[in-house]
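All remarks here apply to the structure that follows.
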Amino acid sequence: MQIENDFEKETGFKIKELRYLKPPKLPYFLYQNRKNYRGADLLNNIIENNITIERYSETDNDNDLKEKQKVNDFLNKNNYEFEVQTEWLSAENLYGTFWVLEPILEKIRKDEY
């Protein structure tokens, strides 16, 4: 999956997988990809990518709405099905917006294993 490169190129927002060693200035984006490997006939040749894009910010104002719309536009343009939710994270004193994408399947061709 190359969602990281496509996301940065099309939205203009930097994104990192899982975490930053030194978190950048807010707002910032992270993503995670939980992969499930499966298949048939004793062969795991299907990868199910379960991707969540996360945005953390101190505010949830009009500028934040514009940034969130850019992410929605990116996902819609690339035909990703998704759910989105914004929450107040009291332990961090931040707003978190989470885009949970429907699983994206990849098939490993026989000549690749």
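The values are calculated or read from the model by the stated rules, or taken from the named source; none is laboratory data. What you see is a predicted model, and the numbers here were worked out from it, not measured in a lab. Reconstructed Cβ throughout: ideal geometry from the backbone, glycine too, with neighbour counts over all protein chains shown.
Results for (1) closer than 24 Å to GLN2 by Cβ; (2) touching a strand residue (DSSP E or B) at 6+ places or on another chain (Cβ under 6 Å), shown as yes or no for each residue.
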| site | (1), (2) |
| --- | --- |
| PHE13 | yes, yes |
| PRO24 | yes, no |
| PRO27 | yes, yes |
| ASN61 | no, no |
| ASN76 | yes, no |
| GLU81 | yes, no |
| LEU94 | no, yes |
| GLU102 | yes, no |
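Within the range 68-105, the residues that satisfy the criterion of being within 21 Å of ASN49 (Cβ to Cβ) and hydroxyl-bearing (Ser, Thr, Tyr) are TYR80, THR97. Of the strands (runs of 3 or more DSSP E) lying entirely inside the range 5-113, those containing at least 3 residues that are under 14 Å from the mean Cα position of the chain (by Cα) and modelled with pLDDT of 95 or more are 28-40, 43-57, 82-89, 94-101. Given the condition of a type in the set (D, E, K, R) and either crowded, with 16+ Cβ neighbours inside 10 Å or touching a Lys or Arg at 6+ places or on another chain (Cβ under 7 Å) (or both), answer yes or no: does some residue in the range 84-94 qualify? No.
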